[in-house]
Structure formats: C-alpha cells, structure tokens
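The values are calculated or read from the model by the stated rules, or taken from the named source; none is laboratory data. Predicted model only: the values in this text are computed from it and were never measured. Please note: Cβ atoms are built from the backbone with ideal geometry, for glycine as well, and neighbour counts cover all protein chains shown.
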Amino acid sequence: MVSSSDVMRLFLQGIMSRRMVTEKTARKLWQKCIEAVNSVDENLNVPYNDDRKYWDDWVNKVTEALNPLDLEFAHVHDEFSGEHVYGIVNRNGDEVAQLATEYTAIEIKYFKALLDQIMLASNESYCVSSLVALREVKFVDKSISKTHAEKLLNSFVARGWLVRSRKGRYSLSTRTILELQTYLKANFDDSVHECTICFEMVTRGFACTVQNCQTRLHSRCYSTYRRTRNACPTCKAPWASDEQGTGEKMKKIGEAAFKDGQEKKGRRTRQSDMPEEGSGEEAEAETLEGGEDDEDEPAPTQTQRRKGKKKKNVVSDDEQMEVEEKEEEEEEEEEEEPTGPSRTQPRRSGRR
Ligand SMILES: [Zn+2]
Ligand SMILES: [Zn+2]
C-alpha cells in the first residue's frame with residue numbers, strides 16, 4: 001500500500017542516485033514522485049505546488065527526515081552556473097572520511113593536502129598549478145609515485161571532487177563545496193569568505209577594489225547586484241561603471257586572481273610555524289606603508305601564517321620531511337610573507 005511517505009522515500013532514492021542535482025531537477029523529481037504515488041492510489045491526493053514556499057517547506061521536511069542520520073539535504077550556489085544545486089551531505093564532523101569508500105587513507109591524505117594548497121593559495125586564487133599539485137604528493141607519502149599521483153588527480157577530477165582548468169590548475173568543485181563545506185570552514189576559517197549577497201562560500205567571483213573591504217561576491221551575485229547598485233554594499237565606495245556586469249574592473253577571486261610566480265614563494269601549510277604573535281603585524285604595517293600594488297605584485301591577500309592562530313598540521317606524520325623542505329624555501333618566504341595584507345588586520349582604506 002502506498003502512502004504519502006512514499007514520496008519522501010522515492011525522492012531520497014532519486015537524489016541519492018544522482019548525487020548532486022540542480023534545483024530545477026530536484027523540483028521536477030519531487031513533482032514526479034508525487035505524481036507516481038498519486039497514480040497508484042486514486043484516494044491519495046498528495047498536493048503539489050510550484051511555489052517557492054512549498055519547495056522550501058519540502059526541503060525542510062527532507063532535512064528533518066535525514067537528521068537522525070547526521071545527513072542533511074544541503075544546497076549551494078554552483079559558482080560556475082550560479083544555479084542552486086542540492087545534495088544529501090554528511091554532517092558528522094569528518095566529511096572527508098566519506099572518500100574512504102573510493103580512496104585509501106593515504107590517497108585521502110593527499111586529497112586533504114591538495115585542499116590545503118587550494119584554500120591557502122595566494123591572492124585568493126583558490127587554485128594550484130598541476131606542478132604544485134603533483135609536488136604535494138611527496139609531502140604526503142614518498143612511496144606514492146608520480147604516475148600514481150597523476151592518476152589520482154585525474155580521478156579526483158573525474159569523480160567531481162576537483163576541477164581542472166584549461167590551464168591545468170586545480171580548484172574546488174561544486175561537489176566539494178557542497179559536501180565538504182563543514183570541513184573547509186572548520187579548517188580554513190581565515191580563507192573561507194562568504195558572499196556579501198548570498199552568504200555562501202566564495203572561491204570564484206569578485207572582491208571590492210578597496211583594499212581593506214570585506215566584500216566578496218559570486219559572479220552571479222555581483223551581476224545581479226550591479227543591475228541596481230553602483231557602490232560597494234559594505235564600504236559604500238563607488239565602483240567603476242560596469243553595464244555588462246562582467247566585473248572586469250573588480251578585484252578577482254579564483255583562478256582569474258592567480259598571478260605568475262605566486263607559487264614560487266614556497267609551499268603553503270596550516271602548520272604553526274608562523275612568526276611570533278604580533279611580529280607579523282608590525283612587518284605587515286611597514287610593508288603597507290611602502291604601498292604594494294596589488295595589480296602587479298604577487299602579494300598574497302591571504303597569508304597562511306595566521307597571526308595568533310595555531311592550527312594542526314595536516315601532514316603531521318611527515319613533519320620532519322616538511323621541515324627539511326621548508327629550509328630551502330624559508331629565506332625567500334620570510335622576505336615575501338609580510339607583504340600579504342591579512343583581512344584580520346586593520347588596513348588603510350582608500351589607497352587608490
Ligand atoms: Zn553569492
Ligand atoms: Zn567595499
């Protein structure tokens with residue numbers, strides 16, 4: 001005998017088999033599930049309504065049904081298409097562990113190391129070159145061959161965990177942003193920025209041109225905003241005219257912000273080997289007085305040595321090896337490091 005609860009069961013099955021769906025598809029699926037159940041028993045008349053409110057109520061119901069399992073019916077903006085995408089995601093704390101069905105512990109460690117490099121990339125570029133991605137494997141486990149690492153990278157892309165650009169750079173996929181968001185927020189609190197408009201995480205889009213302004217916008221949110229506004233929602237600075245909403249004159253976030261040579265400054269880690277508390281701040285202030293130019297200089301807007309915040313080392317087993325590696329790069333890095341204005345520090349405004 002069918003009942004209205006069959007709609008939920010059918011819907012969950014449909015979502016799980018698809019892994020990640022656009023809102024349009026999810027709503028269509030919901031409608032079909034209702035039709036299917038109603039067609040089996042003519043006395044059943046489960047209502048369907050296309051209104052936003054009914055959809056939101058349904059999403060809440062699905063989430064309630066999944067709650068006891070530490071699962072959530074979550075959604076994010078697809079940063080490429082701007083569409084809402086939905087999926088059933090694990091919220092039990094170590095979401096990355098779900099990769100265990102697909103990868104070995106060492107392979108997951110490599111994936112996590114790649115997330116580090118992507119999240120800590122300079123200039124809010126949120127991507128790594130294939131060279132750095134491949135190099136990273138030796139910090140994880142020297143027994144992994146380069147060929148194996150290449151295969152793994154291909155697999156991460158094929159299974160939708162990473163995106164590879166035409167230039168061969170790796171960045172976060174929508175799947176990763178959807179499914180691993182809790183992990184990313186917990187481990188990269190200084191690198192995770194929310195869109196000023198939709199409050200979701202941004203790894204591709206635009207930032208306000210005023211250096212110390214916190215405004216970050218997805219491309220889609222930016223163009224929507226620009227239809228009616230010409231000033232920054234946070235600092236109120238006027239933005240250059242942009243009738244097409246292309247963000248050409250805005251500060252870029254994501255691969256468009258990647259600057260040649262930004263990876264030469266050494267490997268980025270979440271290790272607690274940052275300068276003593278306070279010292280970085282002073283050095284940074286000095287550099288800012290000097291006035292670095294964010295157009296030309298590969299000055300990281302995101303420093304990985306977060307002042308006063310000590311984080312676990314993700315590659316703790318290889319700490320020794322990492323220290324050895326660092327020694328080679330340390331000199332250069334120490335010179336370069338303080339040029340990065342950190343958003344946690346006060347900065348001069350209106351330098352342009
Ligand atoms: Zn947004
Ligand atoms: Zn602003």
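Annotations for the structure displayed:
- Within the range 64-120, being β-branched (Val, Ile, Thr) and touching a His at 6+ places or on another chain (Cβ under 8 Å) holds for VAL76, VAL85.
- Positions within the range 190-206 being in a loop (DSSP other than H, G, I, E, B) and either within 8 Å of ligand 2 (Cβ to nearest atom) or not aromatic (Phe, Trp, Tyr) (or both), in sequence order: ASP190, SER191, VAL192, HIS193, CYS195, THR196, ILE197, CYS198, GLU200, VAL202, THR203, ARG204
- Tally, over the range 81-130, of residues that are assigned to a helix (DSSP H, G or I) and at negative phi: 24
- Qualifying residue in the range 178-188 (condition: more than 12 Å from ligand 2 (Cβ to nearest atom), assigned to a loop (DSSP other than H, G, I, E, B) and within 24 Å of THR269 (Cα to Cα)): yes
- Tally of residues being farther than 27 Å from THR203 by Cα and surrounded by 12 or more Cβ atoms within 10 Å (Cβ to Cβ) across the range 65-82: 3
- Restricting the range 210-254 to residues that are touching a Cys at 6+ places or on another chain (Cβ under 9 Å) and surrounded by fewer than 20 Cβ atoms within 10 Å (Cβ to Cβ), the residue that is nearest to ILE197 (Cα to Cα): PRO233
- Residue pairs whose Cβ atoms lie under 7 Å apart, separated by 6 or more positions or on different chains, with the first residue in the range 84-106 and in contact (Cβ under 8 Å) with a residue 60 or more places away in the chain and buried (at least 19 other Cβ atoms within 10 Å of the Cβ) and the second assigned to a helix (DSSP H, G or I) and basic (Lys, Arg), are VAL96/LYS112.
- Selection from the range 16-72 of residues that are hydrophobic (A, V, I, L, M, F, W, C) and under 20 Å from VAL2 (Cα atoms): LEU29, TRP30, CYS33, ILE34, ALA36, VAL37, VAL40, LEU44, VAL46, TRP58, VAL62, ALA65
- So THR174, is it within 15 Å of the chain's Cα centre (by Cα), under 19 Å from VAL132 (Cβ atoms) and at pLDDT 95 or above: no
- Among the candidates THR301, THR287, residue that is modelled with pLDDT under 50, under 28 Å from GLY168 (Cβ atoms), in contact with a Pro (Cβ under 8 Å, 6 or more places away or on another chain) and not basic (Lys, Arg): THR301
- Selection of the range 207-245 for residues being within 10 Å of ligand 2 (Cβ to nearest atom), over 24 Å from the mean Cα position of the chain (by Cα) and closer than 19 Å to SER81 by Cα yields an empty set.
- Criterion (over 21 Å from MET16 (Cβ atoms), touching a Lys or Arg at 6+ places or on another chain (Cβ under 9 Å) and of a type in the set (Asp, Glu)) met by exactly one of ASP70, ASP50: ASP50
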